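FYI, it's all coordinate maths here, none of it is from the lab. In this text, all values refer to a predicted model and were calculated from it rather than measured experimentally. Neighbour counts are summed over all protein chains in view; Cβ atoms, including those assigned to glycine, are modelled from backbone coordinates with ideal geometry.
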Amino acid sequence: MKRMKTKSAAQIFIVTLIVLGILFGIIYFMVQNDLNKTLIVEKMMGLENTIKTTHQNMLLPHLITIIALVFLSYSIIGVPLILFYLFYECTSLGFLIASFYSAFKIKGILFGLLFILISKVIYILCLIYISYIALKITKKLLRVLIFKENDSLYLHLKNLFLKLGITVCVIVLYDLFLYFFANKILSLFLSLL
């Protein structure tokens, strides 16, 4: 029962962080001055051309970020950085949704959600998973340091490292999908704009 409470507490904390990040991103867009909003809307108007002529090449930035977060997850002081980065990414999602709405109204929200679904959802899910594992690792490390529990720490950390390695592989495959197919799929839905 105690394990269930800790698990749900971590999940509730992460979900709250995500919701707050998205709301903060929307509010941050709303408090921009008119000049900034106009510039953002002008950039959004050129989105159709950008989607048709470019590829989403996020392999290197995503890989560097995920690997850094994986190593940070094995230190107690790294966990706040991971959680802050998750909050930052969720803030960018909120800002993106608000930008789409400002430029294209309701159709913009639909296209924005589709854009997020195709271009960001797997990456965000991996960040959520890494955040959750980082909280588990920190809890385990604190138990060892404070309460001197030594119940197979090596095996536990090795198992979590394997899960994080799989997450890195998922990110690589996802970024290859983004490069070759994401904009082609999005261009099919440009009529929403």
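Determine the principal axes of the Cα atoms in segment 73-134, then give the extent along each, sorted from largest to smallest and rounded to whole angstroms.
Rounded to whole Å, the extents work out to 44, 18, 11 Å.
Using the 10 angstrom Cβ neighbour count as an exposure proxy, how do His55, His62, His156 rank, fewest first?
His55, His156, His62
With springs connecting C-alpha atoms under 10 Å apart, model the chain as a Gaussian network and identify which of Gly46, Gly21, Gly165 has the largest mean-square fluctuation.
It is Gly46.
For segment 94-104, in order, what is each residue's ³J(HN,Hα) by Karplus, 6.51 cos²θ - 1.76 cosθ + 1.60 with θ = phi - 60°, in whole Hz (x at glycine and Pro)?
x, 5, 5, 4, 5, 5, 4, 5, 5, 7, 10
Quick check: the distance between the Cα centres of segment 64-98 and segment 31-62, to the nearest angstrom?
Answer, in whole Å: 22.
Report ³J(HN,Hα) in whole Hz for each residue of segment 179-193, in order, from the Karplus equation J = 6.51 cos²θ - 1.76 cosθ + 1.60 where θ = phi - 60°; Gly and Pro get x.
With the stated coefficients, segment 179-193 comes to 5, 8, 10, 4, 5, 5, 5, 4, 5, 5, 10, 5, 5, 5, 7 Hz.
From the backbone phi of segment 162-168, what are the Karplus-calculated ³J(HN,Hα) couplings (6.51 cos²θ - 1.76 cosθ + 1.60, θ = phi - 60°) in whole Hz, Gly and Pro given as x?
Whole-Hz 3J(HN,Hα) from phi for segment 162-168: 4, 4, 5, x, 5, 4, 4.
Work out how much length Phe147 to Tyr129 would gain on full extension: take 0.36 nm times their residue separation and subtract the Cα-Cα distance, in nm to one decimal.
Working it through step by step, the gained length comes to 3.8 nm.
For the residues Ile22, Ile106, Ile76, Ile128, what sequence is obtained by ranking on other C-beta atoms within 10 Å, fewest first?
Ascending Cβ contact count within 10 Å gives the list Ile106, Ile76, Ile128, Ile22.
Over the Cα atoms of segment 2-192, how large are the radius of gyration and the largest Cα-Cα distance (Dmax), in Å?
19.2, 61
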